[in-house]
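Right, one structure below, let's go through it.
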Amino acid sequence: MQKISLLYDASQAVLSTFDLDEVLQQILTIARDYFHLQNVAILLRDRDELYVRCQVGWDDGHDQVRLPIGRGITGAAAQQKRPIYAADVSKDARYILSAKNTRSELAVPLMVRDHVVGVLDCQSENLNHFDSETIDLLALFSTQASMALQNARLYSLERHRASQLEAINAIAQQMTAVLDLQELLSKVCLLIQQAFQLCHVSVLLKDEDDLVLRASHGKLTTRASEGRLAVARGLWQRALDAGKTLIENDVKSVSGVGLYVETGSSMCIPLVSFGQTLGVLVLDTTRTGAFNANDTQPLESVADICATAIQNAHYVERVKQLAYLDGLTGIFNRRFFELRIVEEIDRAQRYGTGMAVLMIDIDQFKRLNDEFGHLLGDEVLRQVSSIFHQQLRKIDVLCRYGGEEFAILLSQTNAVHALGVAEKLRKTVEAWQFPGVPRPVTISAGTANYAEHGGTRDELVKAADAGLYAAKQAGRNRVYLAPVPKRGLAHGSSK
């Protein structure tokens, strides 16, 4: 009766708190002190494995092991759902060393109903330490310990869910306040990484047939640069193709799955807004087995919020682009040119690379309008714009500067290359058959380079204009390099 009374007091102690770490510590302390044990551990179940959640007395390094159900004395207890006792571990082939002074070991399954949630592993430096009465008492104690563990887990789960709901609400509130796409993507990664305690968060967005890594935040080492990812590779592409969340809890055992070198587990969630798949949200952590089914729903809710915010940012970006597009030709307008020329000059100055400005005019365009009408004149403007667009690089900036005049910004370009580009455009237009126009349409162009012709917007545009004027004066249908300005003369503004 005295032992049962002591066991009752011990059981009340482990049931007195809902904090999981406190419950585990209480179980260890009671098992060690009441049953006079040198080494005690609690192993919890993770799918088909047992891992050491807490222990006292084990040798360094042995508490990192993960045991399949059925392996070792603890694994056997979990598999058979009953206490397994080795009175002399040296004679039991199932014994796995955890402490050199261990002579006898008792493993008692921790069960909730018929489900094994873990194992209480008790070891002694004495042979035959556990008699039948002690084994029975530990089995009774384990039932109370199992209840305490389950209560603590449920309490922890509810707190975790409440915390996730708070995080989702906070993310939703902050997402609605950001409309710039790149700023939004960066904030998405930061907020999710912090709220859900992940090692790394990445956003991949679709661009034609590719996925592009647009933003990421975390501490892991990337395998991919900020750019396009191979379509056929990666868990992200499989999630996109399947249209559903995919989890890989052992990334290192599967080649080509992880974006980051240290990734142990990865979750990929398609970003879908109003039926349109925008990309994939990729969540990474260094631990294996980090994600489970309980994590899917809250993280999918976050992904839905992010997808809607990204779609809204796309709409805002399109509206901004429309403000910078010429309504007739569909290319950029002068307003966009004024923004980009400053950026290109800054980039050329910062990195020591060249850049050029081309000013181009359709020759005798007023006469063409007078002869054939403004509708045909508009069509010539559209076709010339299309020719330019096809001949230029993606990094070049093509703008309608006004009327029949065009301005082009060539990045990372020297004077020789700029002249070559302008001459190619001139020849292409001259050879083009414009429907309804019985005579050739030609262009004249002037080119100016940073920093030979100037270091400011006004200086470069004025120089290119001077080259264009010289080409016109020389008879049109030709390309001229702007004259190098004489030092010390005042520079005027562009037209």
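The values are calculated or read from the model by the stated rules, or taken from the named source; none is laboratory data. Computed from a predicted model, the values in this text were never measured in an experiment. FYI the Cβ positions are ideal-geometry reconstructions off the backbone, even for glycines, and counts take in every protein chain you see. In case anyone asks, the SASA skips ligands and DNA or RNA and just uses the protein heavy atoms, side chains included. Shrake-Rupley method; radii C 1.70, N 1.55, O 1.52, S 1.80 Å.
Taking segment 296-326, which residues are of a type in the set (D, E) and over 23 Å from the mean Cα position of the chain (by Cα)?
The initial filter retains those residues of segment 296-326 that are of a type in the set (D, E), namely 300, 304, 317, 326.
Across segment 296-326, the qualifying residue is only D326.
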Go through the residues of segment 349-356 one by one and say whether even a single one is closer than 20 Å to V441 by Cα and either surrounded by 15 or more Cβ atoms within 10 Å (Cβ to Cβ) or more than 33 Å from the chain's Cα centre (by Cα) (or both). no
Residues of segment 321-334 being over 14 Å from L409 (Cβ atoms) and either surrounded by 13 or more Cβ atoms within 10 Å (Cβ to Cβ) or of a type in the set (A, V, I, L, M, F, W, C) (or both), which ones? L322, A323, L325, D326, L328, T329
Scan of segment 354-391 for residues that are aromatic (F, W, Y) and either closer than 30 Å to E459 by Cβ or not in a helix (DSSP H, G or I) (or both), ordered by number: F365, F388
Within segment 51-81, the residues that are small (G, A, S), farther than 21 Å from H115 by Cβ and surrounded by fewer than 17 Cβ atoms within 10 Å (Cβ to Cβ) are G61
Taking H374 as the residue in question, decide whether it is open to solvent by 10 Å² or more (accessible area, probe 1.4 Å) and without any contact (Cβ under 8 Å) to a residue 12 or more places away in the chain. yes
Being surrounded by 21 or more Cβ atoms within 10 Å (Cβ to Cβ), out of contact with any Ser or Thr (no Cβ under 7 Å at 6 or more places or on another chain) and of a type in the set (A, V, I, L, M, F, W, C) is the filter here; which residues of segment 442-461 pass it? I443, A445, A448, L460
For residues that are part of a helix (DSSP H, G or I) and open to solvent by 80 Å² or more (accessible area, probe 1.4 Å), tally how many sit in segment 16-50. 5
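To keep it simple, each residue is scored yes or no on (1) without any contact (Cβ under 8 Å) to a residue 12 or more places away in the chain; (2) crowded, with 22+ Cβ neighbours inside 10 Å; (3) of a type outside the set (F, W, Y); (4) closer than 28 Å to I69 by Cβ.
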{"position": "D136", "(1), (2), (3), (4)": "yes, no, yes, yes"}
{"position": "S146", "(1), (2), (3), (4)": "no, yes, yes, yes"}
{"position": "L149", "(1), (2), (3), (4)": "no, yes, yes, yes"}
{"position": "H160", "(1), (2), (3), (4)": "yes, no, yes, yes"}
{"position": "Q164", "(1), (2), (3), (4)": "no, no, yes, no"}
{"position": "T176", "(1), (2), (3), (4)": "no, no, yes, no"}
{"position": "D180", "(1), (2), (3), (4)": "no, no, yes, no"}
{"position": "L185", "(1), (2), (3), (4)": "no, yes, yes, no"}
{"position": "L191", "(1), (2), (3), (4)": "no, no, yes, no"}
Taking segment 233-262, which residues are open to solvent by less than 10 Å² (accessible area, probe 1.4 Å) and modelled with pLDDT of 90 or more? A239
Which one is surrounded by the most Cβ atoms within 10 Å (Cβ to Cβ), of the residues in segment 111-134 that are part of a loop (DSSP other than H, G, I, E, B) and in contact with a Lys or Arg (Cβ under 8 Å, 6 or more places away or on another chain)? H129
Going through segment 82-110 in order, the residues found to be surrounded by fewer than 19 Cβ atoms within 10 Å (Cβ to Cβ), touching a strand residue (DSSP E or B) at 6+ places or on another chain (Cβ under 6 Å) and within 15 Å of I135 (Cβ to Cβ) are A87
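Give segment 306-347 a look and list any residue that's of a type in the set (F, W, Y) and under 30 Å from I171 (Cβ atoms), or say none. Break it down into steps so the answer makes sense when it comes.
Of the residues in segment 306-347, the ones of a type in the set (F, W, Y) are 315, 324, 332, 336-337.
Hit for segment 306-347 is Y315, nothing else.
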I'd like the full set of residues that are open to solvent by less than 10 Å² (accessible area, probe 1.4 Å) and either closer than 16 Å to F337 by Cα or of a type in the set (S, T, Y) (or both), limited to segment 464-478. A464
